[in-house]
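One structure below.
The values are calculated or read from the model by the stated rules, or taken from the named source; none is laboratory data. This structure is a prediction, so every number in the text was calculated from the model and none was measured. Glycine gets a Cβ as well: all are built from the backbone with ideal geometry, and neighbour counts include every protein chain shown.
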Amino acid sequence: MIPFLDLKAVNQAHRADLVAAFERVLDSGWYIMGNELTRFEAEYADYCGARECVGVANGLDALTLSLRALGVGPGDEVIVPSNTYIATWLAVSHVGATPVPVEPDDRTANVDPARLEAALTPRTRVIMPVHLYGQPVELAPLLAFARKHGLKVVEDGAQAHGARYKGERLGAHGDIVTWSFYPGKNLGALGDGGAITTNDAALAASIRELRNYGSKAKYHNDVIGYNSRLDELQAALLRAKLPALDAENRQRSLIAERYLQALAGTSLQLPEVHPDCESAWHLFVVRHPQRDALARLLAERGIGTVIHYPIAPHLQPAYAPLGIAAGTLPISERLHREVISLPISPVMSLQQADEVAAGVRAALESLAGA
Ligand SMILES: *Cc1c(COP(=O)(O)O)cnc(C)c1O
């Protein structure tokens, strides 16, 4: 039995540090907006090579508050990937703007910079690339396009903690980078959490205000804000786990290398990493035309898999009002039919990766023979 992700084991590896962090917060008597948050923000900003970090309640709020801070609202358009977790689209909708999908590069599943031009209108304000599965988007052409057309860039880094583009960690390439610390992410809390990083002090200040009721000083409210704070307990738990993030990402990358070698030459389409990018390997996503049958065969062998994601955002009932018909975004739609994620995590051994690869090879042979 190899589960898709053994989250309990992931956190047990940090047990002593997590318990110490909990006791520190318990004994401090201070649970919201305190020392732990301030210190986590400094440590995570430093890790990302960004000047500012602002903790918020979750990754969706990080995206929503970023758009609010940039003044995006009704009548505005935001360019989003056609294949992403739906949170990216939801943030655009929550500020009253319209998501405009752009198709991915079929090899990396990340937004294709060559397709941005066709999505541009006089209403476009922001581009929101998503570093999907942990692999950085090709940022240079995207940032150049944004600069040329006066657009802001909000990167969704929820799956890519620690990933690098041209040797530099994600965190301050675009105007704002958003992060989620949902338990299953590469840097995961024991509950919900999120943050933004940026080099722009004014944007950081605006998000600080928005996350706390639109208030800079207690009981003085300048803008219509939110309650979206990263609490002291989650901040302390994240501080306990951050020092191990690079080592954990290295184990993910060793597993990915193992899979790439062991599964080369099969009927699977394997993930391709752009030469400028170093993936955080949040997910190891392969593609196969008989994806559902493959998932069933692997389940029979005790190998856990998950589909990231089964339905494209534009085909979700929530987005029926946009009226984007099935067939309009064929690259994304095919991805959603073919993708399947194999187990990958910092607590998986290379021997387990070999077992998974052997199981996948056997399953593919029985599919071919059927
Ligand atoms: C997880 C995720 C989010 C949302 O994060 P939450 O903390 O669950 O709100 C946003 N975008 C992407 C790409 C994600 O994977």
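Things worth noting here:
- Matching entry among Val78, Val72, Val92 (being closer than 23 Å to Ala118 by Cα and either away from the ligand (no atom under 15 Å from the Cβ) or not assigned by TED's automatic domain parsing to the domain that holds Leu142 (or both)): Val72
- Candidates in segment 193-214 are the residues that are within 19 Å of Val153 (Cα to Cα) and without any contact (Cβ under 8 Å) to a residue 60 or more places away in the chain; of these, the one that is surrounded by the most Cβ atoms within 10 Å (Cβ to Cβ) is Ala205.
- Residue in segment 17-33 that is within 16 Å of the ligand (Cβ to nearest atom), at pLDDT 95 or above and part of a helix (DSSP H, G or I) present: no
- Among the numbered conditions (1) more than 16 Å from the ligand (Cβ to nearest atom); (2) in contact with a strand residue (DSSP E or B) (Cβ under 8 Å, 6 or more places away or on another chain); (3) in contact (Cβ under 8 Å) with a residue 40 or more places away in the chain; (4) hydrophobic (A, V, I, L, M, F, W, C), the only one that Val56 does not meet is (1).
- From the list Asp231, Asp222, the lone residue that is buried (at least 19 other Cβ atoms within 10 Å of the Cβ) and not assigned by TED's automatic domain parsing to the domain that holds Glu355 is Asp231.
- The strands (runs of 3 or more DSSP E) found wholly in segment 106-212 include none carrying at least 2 residues that are outside the structural domain of Pro81 (by TED's automatic domain parsing).
- Residues being surrounded by 20 or more Cβ atoms within 10 Å (Cβ to Cβ) and not hydrophobic (A, V, I, L, M, F, W, C) - total across segment 92-106: 4
- In the set (1) buried (at least 18 other Cβ atoms within 10 Å of the Cβ); (2) closer than 27 Å to Val356 by Cβ, the condition left unmet by Ala247 is number (1).
- Cβ pairs under 8 Å, 6+ apart, first in segment 271-282 and on the phi < 0 side of the Ramachandran plot, second in a strand (DSSP E or B): Pro271/Phe284; Pro271/Val285; Pro271/Val286; Asp276/Tyr165; Cys277/Arg164; Cys277/Tyr165; Glu278/Arg164; Glu278/Tyr165
- Pick from segment 164-182, criterion under 12 Å from the mean Cα position of the chain (by Cα) and crowded, with 23+ Cβ neighbours inside 10 Å, ranking: nearest to the ligand (Cβ to nearest atom): Ser180
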